[in-house]
Amino acid sequence: MKKINTVLLLLVFISISACVSKKDIVYFNIDDIDQSKVTNTYKTIYKPDDLLQITVSTEDIKSSQLFNLPVVTFSSTTNSVIGTPKQQDYLVDKDGFITFPVIGKLKIGGLSREEAIKLLRDKIIPKHLKKAIINIRISNFKI
């Protein structure tokens, strides 16, 4: 009999506590923001201390190897690579510059991704490569 009273009391408590107005629950509130006026466009601007991974791709892999430096460790005893090779990261210095292979110092700080790709394309394509696809990723993205 005591178990039945406990179960009934528990059921009554659950049913009373479950009666909450829908206005109190955030998920059921109607969104008053006009979504047609909201824009989600933003530009990522490179700044000092950003680590960038820059990949230059071409149809001829050998011609783009100069621009895609791998980071590896060599063993002097076995004359082989130790670890998994990964692509070189470029640190944007305090003045906004990176040092890119073959080209040298480039001012990337203050530029958006599209502007930086255009700058690299203008430096690489006429002098070094005929066609190139350039991709830039931030390795240490932070807000």
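The values are calculated or read from the model by the stated rules, or taken from the named source; none is laboratory data. Being a predicted model, the structure only gives us computed values, none of them experimental. Neighbour counts run over all protein chains shown; Cβ positions are idealised from the backbone, glycine included. These accessible areas exclude ligands, DNA and RNA; they are computed on the full protein's heavy atoms, side chains included. Shrake-Rupley method; radii C 1.70, N 1.55, O 1.52, S 1.80 Å.
Taking the criterion of being part of a loop (DSSP other than H, G, I, E, B), of a type outside the set (Ser, Thr, Tyr) and touching a strand residue (DSSP E or B) at 6+ places or on another chain (Cβ under 6 Å), the residues of the range 93-143 that qualify are Gly96, Ile108, Ala132, Asn140. Kindly establish whether Val56 is more than 15 Å from Ile138 (Cβ to Cβ), at pLDDT 80 or above and open to solvent by 60 Å² or more (accessible area, probe 1.4 Å). Criteria not met by Val56.
Lys130 meets all of the listed conditions (1) open to solvent by less than 70 Å² (accessible area, probe 1.4 Å); (2) farther than 15 Å from Gln53 by Cα but one, namely (1).
Residues satisfying the criterion are absent from the range 12-20 (criterion: at pLDDT 75 or above, over 20 Å from the mean Cα position of the chain (by Cα) and in a strand (DSSP E or B)).
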